[in-house]
Amino acid sequence: MTQTAPSAPAAVSLTHVVKAYGSVRAVDRIDLDIRRGETVALLGRNGAGKSTTIGLLLGLDEPDAGEVRLFGRTPERAVRAGLTGAMLQEGQPIPRVTVRELIAFVGSTYPEPMPVDEALALAGLTGFADRRVDRLSGGQAQRVRFAVAIAGAPALLVLDEPTAALDVAARRAFWDAMRSYAARGNTVLFSTHYLEEADDNADRIVVVDQGRVVADGPGERIKRAAGGSLVSFDLAGGPSAGLAALPGVVSVEVRGDRARLRTDDSDATVVELARRGAVRRLEVAPASLEDAFLSLTSTVSPTATATATVGSVRESETV
């Protein structure tokens, strides 16, 4: 009888993880699995628990309850094995050290580092290799942080707000480099406040709010679950009462004389509007990730949000 080999453990596994600071639960029983080779965006408002979650999975802090595993190991052992690289928000340039010297030094602390020239090329730093780190522009310094994160050729790359304060060109260059690294089969987890970055670069998006996962799945699925389209039109002095009862309507917003309906069936919504009478300046557009994000993170009760959204958004194989 042939036995099936056990599957490799997930790149990231958080099980019932809790982290509190006084009476505030920054992380409130989070369950999250990230498969090897996935690129996952972690979204949430300020104070939602993103940075705390990242700190826990990197071993920078210990959970009060629950379990954190990276490739089946504790975060500390995964880091020691060179499996994890991180690019965090905080960090100061080291004076009188060239870019090449810094990358070579960091790589030397890993068991199987990436060749220095390869790391420089992947980060777009070949032309700045012999320049001092403390004499780089903001965008160039951010590329150095990325090169430091990949110097050990980690299987898991964690990026905390990696493009903060970068201009458009620098942000584009950074994501080109990140996608090149992910294309090698590596796992990438990043947090960002730029929602279009998550939509463009992540295979999967995880939204956290008040320390809990409130949505988990591909960007398109999250948009659909939060109301897949926006129907807007002028009220032209007419009443706004009853709009919430229209077919497909998930939420209603009225600004001045213009109504904005979030709907999961725009065709049915528009047909009913037309049946009721003339509709002026009608517009139908797909909901953006920003619309979905605001819908998912504007609730008062985290328990209600988790119950209402997670089950409908998550893919069956995710936790």
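Counting only helices (runs of 4 or more DSSP H) that sit completely within the range 136-220, those holding 2 or more residues that are among the hydroxyl-bearing types (S, T, Y) correspond to 168-182. For the range 238-258, name all the residues that are surrounded by 12 or more Cβ atoms within 10 Å (Cβ to Cβ), among the charged types (D, E, K, R) and part of a strand (DSSP E or B). Result: E253, R258.
Filter the range 78-119 down to the residues that are touching a Lys or Arg at 6+ places or on another chain (Cβ under 7 Å) and part of a helix (DSSP H, G or I), then identify the one that is surrounded by the fewest Cβ atoms within 10 Å (Cβ to Cβ). The selected residue is V116.
When the range 120-151 is limited to residues that are open to solvent by 30 Å² or more (accessible area, probe 1.4 Å) and of a type in the set (V, I, T), the one that is nearest to P95 (Cα to Cα) turns out to be V148.
If I filter the range 184-193 for residues that are over 25 Å from I30 (Cβ atoms) and either modelled with pLDDT of 90 or more or in contact with a helix residue (DSSP H, G or I) (Cβ under 8 Å, 6 or more places away or on another chain) (or both), do I get at least one hit? Scanning the range 184-193 turns up at least one residue that is over 25 Å from I30 (Cβ atoms) and either modelled with pLDDT of 90 or more or in contact with a helix residue (DSSP H, G or I) (Cβ under 8 Å, 6 or more places away or on another chain) (or both).
The residues on offer are A153, A147, and the sole one that is closer than 26 Å to L43 by Cβ and not aromatic (F, W, Y) is A147. One residue alone among A26, A65, A41 is open to solvent by 20 Å² or more (accessible area, probe 1.4 Å) and either of a type outside the set (K, R) or touching a Cys at 6+ places or on another chain (Cβ under 7 Å) (or both), and that residue is A65. Find all pairs meeting these conditions: Cβ atoms under 8 angstrom apart; at least six residues apart or on different chains; first residue within the range 48-61 and over 13 Å from D31 (Cα atoms) and small (G, A, S); second residue in a helix (DSSP H, G or I) and open to solvent by 10 Å² or more (accessible area, probe 1.4 Å). The qualifying pairs are G59/P75; G59/E76; G59/V79. You will find that of A155, A165, A198, A173, the residue that is open to solvent by 10 Å² or more (accessible area, probe 1.4 Å), in contact with a Ser or Thr (Cβ under 8 Å, 6 or more places away or on another chain) and of a type outside the set (S, T, N, Q) is A155 and no other.
The values are calculated or read from the model by the stated rules, or taken from the named source; none is laboratory data. Everything numeric in this text was worked out from a predicted model, so none of it was measured. In this analysis, Cβ positions are derived from the backbone assuming ideal geometry, glycine residues included, and neighbour counts consider all displayed protein chains. For the accessible areas, the whole protein counts, side chains as well, though only heavy atoms, and no ligand, DNA or RNA atoms are used. Shrake-Rupley method; radii C 1.70, N 1.55, O 1.52, S 1.80 Å.
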